[in-house]
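Student: Take this structure first; my questions come after.
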Amino acid sequence: AANAQYWLGETFYVRNQYERAARVFAEAYQKFPQGPKGADSLLKLGMSLSGMDKKEDACLTYKQLVKEYNRGPAPVLSRAEEAMRQLHCR
C-alpha cells in the first residue's frame, strides 16, 4: 500500500499536477512514515510544493526529511540538500 500511494503521487507529479501530487505524497508520508517510500514521499512533497511556488513550505519539508531520515537513503538526502541550496532555504 505504501508503494502504491507513492506511485500514485508520482503519476500526478510527472504531469505537473503539483497540488494533487502534494496531497498524495503528504498522505503517503502520514500513513507510512517508516515505509519503504517514507523519505521519498517527503522529497516529492517538497518538490511538489516547490512546483507550486510554495518555497517556505518546500524548505520546511526538506528540513524535516533531513532531520527525520538523517541516516536514510543517500540519493534522497542528496536531492533534498541540493533542492534546499537551489531554493536558498535558511
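Student: Taking the stated definitions as given, is Ser41 under 16 Å from Asn3 (Cα atoms) and out of contact with any Pro (no Cβ under 8 Å at 6 or more places or on another chain)?
Tutor: Numbers: under 16 Å from Asn3 (Cα atoms): yes; out of contact with any Pro (no Cβ under 8 Å at 6 or more places or on another chain): yes.
Considered against the rule, which asks whether it is under 16 Å from Asn3 (Cα atoms) and out of contact with any Pro (no Cβ under 8 Å at 6 or more places or on another chain), Ser41 comes out as yes.
Student: Something else now. Find the residue count for the range 73-88, including only residues that are open to solvent by 90 Å² or more (accessible area, probe 1.4 Å) and in a loop (DSSP other than H, G, I, E, B).
Tutor: 1
Student: With respect to Asp57, determine if the residue is at positive phi and more than 9 Å from the chain's Cα centre (by Cα).
Tutor: Spelling it out, it is not the case that Asp57 is at positive phi and more than 9 Å from the chain's Cα centre (by Cα).
Student: Please go through (1) modelled with pLDDT under 95; (2) touching a Leu at 6+ places or on another chain (Cβ under 8 Å) for Ala80 and return the number of the only condition it doesn't satisfy.
Tutor: Tallying (1) modelled with pLDDT under 95; (2) touching a Leu at 6+ places or on another chain (Cβ under 8 Å), Ala80 fails exactly one: (1).
The values are calculated or read from the model by the stated rules, or taken from the named source; none is laboratory data. None of the values given here were measured: they were computed from a predicted structure. Glycine gets a Cβ as well: all are built from the backbone with ideal geometry, and neighbour counts include every protein chain shown. Note: accessible area is taken over every heavy atom of the protein model, side chains too, but ligands, DNA and RNA are not part of it. Shrake-Rupley method; radii C 1.70, N 1.55, O 1.52, S 1.80 Å.
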